[in-house]
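S.K.: My questions all concern the structure below.
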Amino acid sequence: MNLPVYSQVPSVIENIRISLWAQTDAYPELELKDDSDAYENYGTGYDYAISEIKKIAPFLIQGMVYGWNFTYTPYDSGRNVQEYFELTEINSFEVEKYNITYQSPWISDNKFQCWCEYKRTPFQIQDYYSWTSINNPKIQGRGYGSLAKGFDGIKDACMDSVKNAVRSYYRDIVKNKPKEITGAVLIRNQPQIGVDAGRYMINLDFFLECGSIIEYTRY
């Protein structure tokens, strides 16, 4: 299991600063150069890794700025109900993603790495503090996704992380398995992305905004 270690905790409130990476050795058709000044080699081997980071960064920062809605149906063998989990945007991040900057790239252990930075607007800072209300519990989860899928593997790992965090929280407060749980989450700390047993592994901390709990007994 490999997780990044940082000498200081980056800000996530006013100026979001997260470290992201994408593998380079996963794409053998690319000609890689052992050069720490990666920006000089955009066209000589790092294009795919850079494009992956530019997909991952907006997705994760959106989860830190606006958060995600979720719908969860627990697995219930007695009712022959399969587990279902859906994650959707609270607000689009399509425009804001162009304000993300990518700083200080470096190559290490066959990974293209860089700092991704985004400055929240005053409204977004205010919204963040509204999430810190005592009414919104803090939860955390670990998720996994296929390393071979690149960005889609990261998305799968994030969804798995949210699902596991939600499931763990509601197991302690709901006696019987409900038909459906809805709510929303906001990533509250820097995501920690690593590799474990050939899979992406991501640890995420959230603020949880509880929605509705629909019981089977209502039907």
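The values are calculated or read from the model by the stated rules, or taken from the named source; none is laboratory data. Note that the structure is a prediction, hence the values are computed from the model and not measured. Using ideal geometry, Cβ is built from the backbone for each residue, glycine included, and neighbour counts are taken over all protein chains shown. Calculation scope for accessible area: heavy atoms of the full protein, side chains included, ligands and nucleic acids excluded. Shrake-Rupley method; radii C 1.70, N 1.55, O 1.52, S 1.80 Å.
S.K.: Could you tell me whether the range 84-219 comes out rounded, prolate or oblate from its Cα gyration tensor? Rule is a ≥ b ≥ c as square roots of the eigenvalues, rounded for a/c under 1.5, then prolate if a/b exceeds b/c, otherwise oblate. The partial results should precede the final answer.
M.R.: Values: a/c = 2.34, a/b = 1.42, b/c = 1.65.
Cα axes put the range 84-219 in the oblate bin.
S.K.: Can you run phi through the Karplus equation (6.51, -1.76, 1.60; θ = phi - 60°) for the range 146-156 and list ³J(HN,Hα) in whole Hz, with x for Gly and Pro?
M.R.: So the Karplus estimates, Gly and Pro as x, are 5, 5, 5, 8, x, 3, 5, x, 5, 4, 4 Hz.
S.K.: How high is the relative contact order of the range 96-142, given as a whole-number percent (alpha carbon pairs under 8 Å, six or more residues apart)?
M.R.: On the way: 27 pairs, mean separation 12.7, N = 47.
Reported relative contact order: 27 percent.
S.K.: Quick one: what are the phi-derived ³J(HN,Hα) couplings along the range 182-193, Karplus 6.51/-1.76/1.60 with θ = phi - 60°, whole Hz, x for glycine and proline?
M.R.: 3J(HN,Hα) across the range 182-193, in whole Hz: 10, x, 8, 9, 10, 5, 10, 9, 4, x, 10, 10.
S.K.: Let me ask something additional. Roughly how much of C210 is accessible, in Å² to the nearest 10, using a 1.4 Å probe?
M.R.: My reading of the accessible area for C210 is about 70 Å².
S.K.: Please go through the residue pairs K119/K175; K111/K138; K54/K138; K138/K175 and name each one whose alpha carbons sit more than 30 Å apart in this structure.
M.R.: Check vs 30 Å cut-off fails for K119/K175; K111/K138.
S.K.: Sort the following peptides by mean Cβ neighbour count (other Cβ atoms within 10 Å, averaged over residues), highest first: 59-67, 75-83.
M.R.: Highest mean packing first, the order is 59-67, 75-83.
S.K.: Another question, if that's okay. So what's the gap between the Cα centers of the range 153-171 and the range 62-91, to the nearest angstrom?
M.R.: What the calculation gives is 8 Å, centre to centre.
S.K.: Okay, moving on. Could you list which residues have their amide H under 5 Å from that of N189, counting only those 5 or more apart in sequence or on another chain, with H placed in the peptide plane?
M.R.: Placed amide hydrogens put D205 under 5 Å from N189.
S.K.: Add +1 for every Lys or Arg and -1 for every Asp or Glu among the other residues with Cβ under 12 Å from the Cβ of I13, and state the total.
M.R.: For residues surrounding I13, the net value is +2.
S.K.: Could you list which residues have their amide H under 5 Å from that of G141, counting only those 5 or more apart in sequence or on another chain, with H placed in the peptide plane?
M.R.: Close amide H contacts, sequence-distant or interchain: L204.
S.K.: While we're looking at this one, here's another question. Run the 1.4 Å probe and let me know the accessible area of T132, rounded to the nearest 10 Å².
M.R.: So the heavy atoms of T132 present about 60 Å² to solvent.
S.K.: Using each residue's phi in the range 74-79, evaluate 6.51 cos²θ - 1.76 cosθ + 1.60 at θ = phi - 60° and report the 3J(HN,Hα) Karplus result to the nearest Hz, with x for Gly and Pro.
M.R.: Working through the residues one at a time gives x, 5, 9, 5, x, 9 Hz.
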